[in-house]
1. Give the carbon-plus-sulfur fraction of the accessible surface of region 211-259 in %, rounded to a whole number; probe 1.4 Å, heavy atoms of protein chains only.
2. Consider a paramagnetic label point 7 Å from the Cα of D41 along Cα→Cβ; state which residues of region 407-426 have an amide N under 17 Å from it.
3. So which aspartates and glutamates pass the test for K194, namely a Cα distance under 16 Å, with those fewer than 8 places away in the same chain ruled out?
4. Please give, to one decimal in nm, the separation of the simple spin-label points placed at E202 and L251, each 7 Å out from Cα toward the Cβ.
5. Using the Cα gyration tensor of region 31-174, with a ≥ b ≥ c the square roots of its eigenvalues, what is the shape: rounded (a/c below 1.5), prolate (a/b larger than b/c) or oblate (neither)?
6. Between M178 and T265, what is the label-to-label distance in nm when each label sits 7 Å out along the Cα-to-Cβ direction?
7. For labels at L136 and A289 in the simple 7 Å Cα→Cβ model, what's the distance in nm?
8. Roll a 1.4 Å probe over the protein chains and send me the accessible area per residue for region 42-109 in Å².
Amino acid sequence: MTSRRDFFKFAGIAGGAVAAASVSRVAMAALPEPVIQTSPDTMAPLVPNSGRPYNPVVTLNGWTLPWRMNQGVKEFHLVAEPVVREMAPGFKAHLWGYNGQSPGPTIEVVEGDRVRIFVTNKLPEHTSIHWHGQRLPNGMDGVAGLNQPAIQPGKTFVYEFVARRPGTFMYHPHADEMTQMAMGMMGFWVTHPKAKHPLISEVQRDFCFLLNAFDIEPGSATPKINTMLDFNLWTWNSRAFPGIDTLNVRLGDKVRIRVGNLTMTNHPIHLHGHEFSVTGSDGGPWPLAARVPEVTTDIGVGQMRQVEFVADEEGDWAFHCHKSHHTMNPMGHAVPTMIGVDHRGLVQKIQKLVPDYMVMGERGMADMGEMEMPIPDNTLPMMTGTGPYGPVEMGGMFTTLKVRKTQKPGDYRDPGWFKQPAGTQAYEWRGPLPEPKRPVAPAASAAPAELKAVKPTSHSSH
C-alpha cells in the first residue's frame, strides 16, 4: 500500500493540474491523505486504532480504506481515477476505479459514526457516488442531477452523514452509470453494530466481495461498455479464477461471507461441504424466523447477501456461482458443438492452410484446458487452474474455502492443499464389475385395442 502526500502536485497524471487549480492550498491541507493500493492480493484486516472498536472484515483480493479522526468525525478520501487491474496472473485490464483499484477499497464504520468522505474526480468525465442502501439526507444520496451537481473532472466534493444502521452496503456512481459501472467503479461498505445485536452474530472470520462482469475481447484490455448481457469475464472483485484468493479459516470458526451483485444478471452462489443461513441483506439483518439452511443462495442485481455458517468440515471446498458459463473465462459464444464428429485426417488437411488450426470440442470442452492453443497476449485461457490431482477446469467466479484445524486464530494465510485421511477419498475400482440387470420387455398383447371415433350427427342437444 502506498500513499500520495503531494497527490495534487504529481506531474504527468491526467487532470492533476486542473485539480490543483480548483482546490485551494487551505482546502488541500484539510483533506485526509489519499491512500493508494495497487496490489491485487487480499490484504490483512485493518484493525481500528481510532474511533469505536469492531471486528474488521477481510475483502477478498481487496483492502480497507484507512481514515483519520477529525473532531469526532471519521474522514475518508476516495479518488475516482483510471486504474490497471490485474484480473489474473498474465491478464490486466484498463478500468476505472478508486484509489488505484477496481473495486475500490472497502469502507468500514460503526453504527452511529459521523462519516465524512472527500471524493476527488480524476476521471476524464464527471461522476458522483451513491451510497447504496444507506439512510442519509437526500442531498447526500449521490444521484447526479437529482440530488447534487455532478463532480466535474479535477473537482473534490464532500459527503457527510451518520451511519444510522448496521449492515452490508456498497457504493457506486450515479452519473453515466452504464459507462462507469461497466468500467469497474464500485466498492463495498460495512457498518458494524455499536453494541451486541440480537440479530447479528459474533464471528471469527468475516469476508466480503462484489460480483462484477466485463466484456473484454481477447487480446484487448478495455471493457466494451455497451454490452448488456453477453459478458465473457465473470469476476469476484474484478478477479477471475485462478486469480481469486482462497478463503482460509480455522476448523470450528463461525464464518460470515458478505456478497454484493453489481452485474447484469443473478448469481446462484453455492458452497460445498457446508450448509449456511442467509442472515441479512442491504435492508438489514433478517429475523431469525426467516433463516433456513441453504447450500446455494441466489443474489439478484443490486442485492447484497450475508451468509453465515460454522466451518466444521475440514478440507478444500469449492465455492462458486452455479451458472456453469460463469465459471469459465473468455469464450466464443458462436463456436459450434462438435461432440461426436470424427475429425480424423481433417485437421492435417486444414493445418496445411491454417497452421494454428485446432479442433474444439470433439470429446467435450475439457480438452481445451490441456491444449496449448496460441491465444492473443493479455488473454486468459478459457478453463484453467490446477489442484493437487490435476486440472480444475474452471475460471471466472470460482475459488475454494480452506478449512484447517491447524489454522491459527486470525491467520488468513493459505495453508496449501488438503491431504485427505486414508480411506476418505474416491478411488479407482480395479475389480470385476457385475453385469447390469436390464428390465425384461413385457410380452406383446394378442390383439391391439381398436379405437373408434363417434361423430355427432346433430347439434340439437347442445
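The values are calculated or read from the model by the stated rules, or taken from the named source; none is laboratory data. Since the model is a prediction, treat every value here as computed from it, not as a measurement. Quick reminder, even Gly has a Cβ in these numbers, built from the backbone with ideal geometry, and neighbours come from all protein chains shown. Note: areas computed on protein heavy atoms with side chains; ligands, DNA, RNA excluded. Shrake-Rupley method; radii C 1.70, N 1.55, O 1.52, S 1.80 Å.
1. 52
2. Within reach of a label on D41, which here means backbone N under 17 Å from a point 7 Å along Cα→Cβ, region 407-426 contributes 411-416.
3. E108, E111, D113, E202
4. Simple spin-label model gives 2.4 nm for this pair.
5. It is oblate, given that a/c is not under 1.5 and a/b is not larger than b/c.
6. 2.0
7. 3.4
8. About 33 Å² of surface per residue is accessible.
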